[in-house]
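Here, each number is a calculation from the coordinates, and none is a lab measurement. The structure presented is a predicted model; accordingly, all values stated were derived computationally and were not measured. All Cβ positions, glycine included, derive from the backbone under ideal geometry; neighbour counts span all protein chains shown.
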Amino acid sequence: MTKKITKNDKFSESVNYALKGIVIAIKTERNMRIHIFVAILVAILSLMFGVTGSDLKSLSFAITLVLFAELMNTAIETTVDIATTRYHPLAKKAKNISAGAVLIVSINALVIGYIIFSKKIKEDTFEVFRLLKASYVDAVLLIIFIVIIGVFIIKSYYKKGRLLHGGMPSGHSAIAFGLWVGVSYATENIVVTILTFGIALLVAQSRIERRIHSPKEVLGGSIFGTFITYVLLKLIF
């Protein structure tokens with residue numbers, strides 16, 4: 001006795017084939033995986049920035065359009081590859097046009113994302129600057145943290161020494177001179193400025209005396225810490 005195939009069975013099979021097609025595209029197409037990754041990232045950012053309902057609809061539509069275009073592009077390229085194994089100008093034309101469609105909808109998605117998130121980022125950035133201005137100590141601590149990150153990046157480039165031990169530039173000198181600028185910026189007392197500068201010099205001198213850093217590395221750290229701290233304080237205050 002044969003099983004009667006109902007409309008529901010046909011529909012479930014169609015959905016199953018469609019899902020298989022999406023999975024195959026994700027597994028075999030690098031661009032599809034990139035689009036999926038960006039879509040997940042946008043979803044996370046939407047939650048973080050509290051995107052409104054109307055903006056969320058626009059983002060959802062833009063993402064869906066990009067994924068749809070990429071799936072169609074993959075289908076067209078696969079069909080062309082089946083039709084001919086040799087180079088043909090019409091095959092190239094078909095592939096280029098389908099890729100162009102993906103590019104257009106991707107640019108559209110980027111524009112929509114920029115319009116929505118730039119407004120949110122500006123609002124949040126303004127709030128961060130407002131909070132930093134309200135607390136000078138927090139601002140200086142954040143700047144010193146940025147200096148440390150900068151030292152780590154530069155040392156990673158030179159591939160010499162550890163974060164606060166050896167290598168270009170001297171991390172201790174960068175932090176010491178960064179704190180000197182931070183303290184000097186907050187006070188008009190010349191005595192305090194001179195004293196903190198003397199402490200920074202002692203830190204730098206100790207790194208050379210103990211042969212942990214060369215004079216060049218200490219000078220580099222001192223200049224880096226002074227410059228970054230001064231520029232960021234000027235931007236904030």
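Of Ala18, Ala176, Ala75, the residue with the greatest mean-square motion in the GNM of the chain, using alpha carbon springs below 10 Å, is Ala18. Counting every pair of alpha carbons in the chain, the share spaced more than 27 Å apart comes to 62 percent.
Amide hydrogen proximity for Ser170: with H placed 1.01 Å from N in the peptide plane, the residues at 5 or more positions away or on another chain lying under 5 Å are Val218, Gly220, Gly221, Ser222. So what does the Cα-only Debye profile of the range 135-236 read at q = 0.13, 0.19, 0.25 Å⁻¹, as log10 I(q)/I(0), no solvent term? Taking Cα atoms of the range 135-236 as identical point scatterers yields -0.42, -0.85, -1.26. For the range 33-91, chymotrypsin sites (Phe, Trp or Tyr not before Pro) are listed when DSSP marks them as loop and at most 13 other Cβ atoms sit within 10 Å of their Cβ; the list is Tyr87. Using only Cα atoms, tell me the angle between helix 30-49 and the longest principal axis of the chain; keep it within 0 to 90° and round to the nearest 10. Rounded to the nearest ten degrees, it is 60.
With contributions of -39500 (n - 2.57) from each DSSP H run of at least four residues, the per-residue ellipticity at 222 nm computed over the chain stands at -30000 deg cm²/dmol.
In a DSSP loop and with at most 12 other Cβ atoms within 10 Å, the GluC sites (Glu not before Pro) in the range 153-237 are Glu188.
In percent, rounded to a whole number, the relative contact order of the chain is 15, using alpha-carbon pairs under 8 Å and six or more apart. Here the chain is scanned for trypsin sites (Lys or Arg not before Pro) in DSSP loops (not H, G, I, E, B) that have at most 11 other Cβ atoms within 10 Å, and the longest stretch holding none of them is 5-85.
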